[in-house]
1. Can you tell me which of (1) in contact (Cβ under 8 Å) with a residue 24 or more places away in the chain; (2) on the phi < 0 side of the Ramachandran plot is the one Val22 doesn't meet?
2. Only one of these conditions is not met by Arg142: (1) out of contact with any strand residue (DSSP E or B) (no Cβ under 9 Å at 6 or more places or on another chain); (2) at pLDDT 60 or above. Which number is it?
3. Could you check segment 35-61 and list, in sequence order, the residues that are of a type in the set (Val, Ile, Thr) and under 12 Å from the mean Cα position of the chain (by Cα)?
4. Considering Val111, Val90, which residue is at pLDDT 90 or above, touching a helix residue (DSSP H, G or I) at 6+ places or on another chain (Cβ under 7 Å) and among the hydrophobic types (A, V, I, L, M, F, W, C)?
5. Exactly one condition in (1) touching a helix residue (DSSP H, G or I) at 6+ places or on another chain (Cβ under 6 Å); (2) assigned to a helix (DSSP H, G or I) is not met by Tyr29; state its number.
6. Among the listed residues Leu12, Leu18, Leu54, which satisfies the condition of being modelled with pLDDT of 85 or more, surrounded by 18 or more Cβ atoms within 10 Å (Cβ to Cβ), within 17 Å of Gly126 (Cβ to Cβ) and of a type in the set (A, V, I, L, M, F, W, C)?
7. Six or more apart or on different chains, Cβ under 9 Å: which pairs go from a residue in segment 61-74 that's in a loop (DSSP other than H, G, I, E, B) to one that's modelled with pLDDT of 80 or more? Could you list them?
8. Mind listing just one residue for me: the one in segment 22-44 that is among the hydrophobic types (A, V, I, L, M, F, W, C) and crowded, with 18+ Cβ neighbours inside 10 Å and, of those, nearest to Ala72 (Cα to Cα)?
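The values are calculated or read from the model by the stated rules, or taken from the named source; none is laboratory data. The shown structure was predicted, so the numbers you read here are calculated from the model rather than taken from an experiment. Cβ sites come from the backbone with ideal geometry, for glycine too, and all protein chains shown count toward neighbours.
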Amino acid sequence: MDFRRVRQWDWLTGLAGLILFVDLFVPWYGAGGLTASAWESFAFIDLIVALAALLAMAVVLVSAFSRVEAPAKLVASWTFWVALVAAILVVFRVIKRPGVDIVLNGGAEHVTRQWGLFVGAVVAIGLVWLAWRARQVMTATRPLRAHARSGPARES
């Protein structure tokens, strides 16, 4: 494990993933004096957002543990696509609030958006860009295999 291999964009992607994962536990919606986190509000969107956050944090670990860039680039690519889906779903939920029966058991008629929803939307959109940048800056700086000879190839 060598954290010197982790690039700036990898660190930023991992940090955004950590913020997004923590944000899943803060209030996203409220009604009648009660609040609900993303875990309590959604049936599957929370799982996709959590997967995007965990993949983003994995970019840092895979970059630190692998000696070649291919695994880190693959994880950054997966993070980009999952974060894109998560960002679309979160932005959709900013626009369309879920019903009270899904979010809260308080029986209130009006569901309000809480600060965690907006933080989640901004960080999810930012994570898409950061994962894209983390994938783009990876270049093959090391050879994939060691060459046995250095010089022109000889014919036999």
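1. (1)
2. (2)
3. Start the filter on segment 35-61 by keeping residues that are of a type in the set (Val, Ile, Thr), which leaves 35, 45, 48-49, 59-60.
Scanning segment 35-61 gives Ile48, Val49, Val59, Val60.
4. On the way: Val111 fails: at pLDDT 90 or above.
After applying the criteria, what remains is Val90.
5. So Tyr29 meets the others, but not (2).
6. On the way: Leu18 fails: surrounded by 18 or more Cβ atoms within 10 Å (Cβ to Cβ); Leu54 fails: surrounded by 18 or more Cβ atoms within 10 Å (Cβ to Cβ).
Answer to the check: Leu12.
7. Ser66/Ala72; Glu69/Ser63
8. Within segment 22-44, the first condition is being among the hydrophobic types (A, V, I, L, M, F, W, C), and the residues that meet it are 22, 24-26, 28, 31, 34, 36, 38-39, 42-44.
With the extra rule that they be crowded, with 18+ Cβ neighbours inside 10 Å, the set shrinks to 24, 28, 31, 36, 38, 42.
Numbers: Leu24: 25, Trp28: 32, Ala31: 42, Ala36: 35, Ala38: 29, Phe42: 30 Å.
If we take residues in segment 22-44 being among the hydrophobic types (A, V, I, L, M, F, W, C) and crowded, with 18+ Cβ neighbours inside 10 Å, then Leu24 is nearest to Ala72 (Cα to Cα).
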